[in-house]
Amino acid sequence: MDLTRAIVDEIPYLRRFARGLTGDRHQADDLVQDCVERALSRLHLYDRSRNLRNWLFTILRNIHVNNLRKHSSRGPHVDVENVPESLLSGDAEQFGHVVVNDISKALDGLPPQQREVLLLISLEQVSYVEAAQILDVPIGTIMSRLSRGRNRLRDLLEVQSKPGLRQIK
Amino acid sequence: MSDERKFSEHDLHAYVDGELDAETHLEVEKWIAANPDYRDEIEHWKKQRELLKAEFDPVLGEPISDQLVALLKRYMNKRTYPLWGTIAASLLLFVSGVIVGWGGYHLRSTYSTQHAIWPDLAVQAISAHVVFTQDKGRPVEIRAESQGQNLRWISKRFGRKLPTPDLSKLGWSLIGGRVLPLEDRAAAQFMYQNEAGKRLTIYIGLGEQGQSADYHFWRKGDVGCYYWFEGSVGFAVTAEIDKSELKKISELVYDHFEYL
């Protein structure tokens, strides 16, 4: 099968993933544009034993991370893996009782590393192994980010928190 | 409530995501039935999935941007065989009438002029490769003391950080590097060697800002060279080895330098 044609077929999925990552239509369009451009110019580097969509997701996500890095005007970067668990999966109170029903807004409340894992697994439905490959982290990291991400998203989405149910030891 | 937990939270996530084998899946299912508190938790994870799908699945059917259509069109025009028909068919659902009439229409290709300021990168990289890999006495200017070491002096001369990629998993170890001229700027060459004594070089040259990236393969005699451009930096990976092996190495090098 022709690879270019196959990439075109993946564009809708790239756009869905990009929209989830950025939460913004124009940013997502730019991201997909950059991703497709890069993929088309590097076709000969594509390892045909690898799933095409996952290869494209890897490219798209790397460009996104790079964009976040470039446009970040925040303070010193702290790796989310080094932040105490209590801060990451904290209670809804942490967000000043602003509890949102809108999934898009709730996603904005997730650290990027939890957001991308959650989107890959729950929205794009890639396997844990594929997610680990796309994000270039060990599978254990995928699982812990997924777990934190889901717990935090629950806090952000729930109108009433239910203490005791959230924490599973 | 259950008196003893048999499954970790990770197991429960894996259950929701269909990652468990059939047997374990059934066991977890039974366990959840006996532990209603966790059932709520799990239902919520599933609900999140539904919310995400409801929010983002409509994107699958949205029309794609004119910009992306233009990119695909431009790309098609670079190809030596007509692909536009298949692209149009794929996008028919998403793209409006703007594509009508493109089928037989070919823009003048900008491919050959796109990197006009780089005519020499591959040529220079191959020349430098041939000259210095054959130098038995002093193949490199700065010797790497240990594999993967950052050759700081070269980075300094080059004007930006150039951490050397680790190619050891493909059987290549870093010997060292040197600084070379490329037009009126500095270029860097890093040399690697495999167990058989074959040598490979990575050549990095600076050009003008704003060049788009593209990939090319160039061969001169037995020497193969993959080269590409990332912003203002050009990269070339050169060796007298099988093209597919060279491709693998280039991929590693590309990943390594991509976000320098």
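How shielded is A:137-150 by partner chains, expressed as the average number of their Cβ atoms within 10 Å of its Cβ atoms?
Neighbouring Cβ atoms belonging to other protein chains average 3 per residue here.
Write down the Å³ per residue value for the convex hull defined by the alpha carbon atoms of the range B:9-60.
79
Return the equivalent ellipsoid semi-axes of the range A:3-71 as a descending list in whole Å, where each equals the square root of 5 times an eigenvalue of the C-alpha gyration tensor.
20, 13, 10
Just tell me how shielded A:12-23 is by partners: mean number of partner chain Cβ atoms within 10 Å of each residue's Cβ, no decimals.
4
Between their Cα atoms, which of B:LYS73/B:LYS169; A:LYS105/B:LYS46; A:LYS70/B:LYS161 are more than 28 Å away from each other?
B:LYS73/B:LYS169, as the Cα separations exceed 28 Å there.
Report the full-extension gain for the segment A:GLU158 to A:LEU68: residue separation times 0.36 nm, less the Cα-Cα distance, to one decimal in nm.
Between A:GLU158 and A:LEU68, full extension yields 29.6 nm more.
How far apart, in nanometres, would the label points at B:GLU43 and B:ARG143 be if each is projected 7 angstrom from Cα along the Cα-to-Cβ direction?
Computed distance between label sites B:GLU43 and B:ARG143 equals 7.1 nm.
Put a dot 7 Å past each Cα toward the Cβ at B:THR24 and B:LYS53; how far apart are the dots in nm?
Here the answer is 2.3 nm between the modelled labels.
Order these peptides, B:191-197, A:112-118, by their mean beta-carbon neighbour count within 10 angstrom, highest first.
A:112-118, B:191-197
Cross-link partners among lysines for B:LYS220, C-alpha distance below 21 Å, same-chain residues fewer than 8 apart left out?
Excluding near neighbours in sequence, the set is B:LYS198, B:LYS243, B:LYS247, B:LYS248.
Can you order the peptides B:29-37, B:49-57 by their average number of other Cβ atoms within 10 Å per residue, highest first?
Top of the packing list down: B:49-57, B:29-37.
What does the extension gain come out to for B:ASP166 and B:VAL123, with contour length at 0.36 nm per residue minus their alpha carbon separation?
This chain segment gains 13.0 nm when fully extended.
Treat every Asp and Glu Cβ in the range B:9-60 as -1 and every Lys and Arg Cβ as +1, leave all other atoms uncharged, and give the resulting dipole magnitude about the Cα centre to the nearest 20 debye.
240
Between A:ASP47 and B:SER232, with labels modelled 7 Å along Cα→Cβ, what's the label distance in nm to one decimal, could you check?
3.4
No value in this document is a laboratory result; all are computed from the given coordinates. The structure presented is a predicted model; accordingly, all values stated were derived computationally and were not measured. Reconstructed Cβ throughout: ideal geometry from the backbone, glycine too, with neighbour counts over all protein chains shown.
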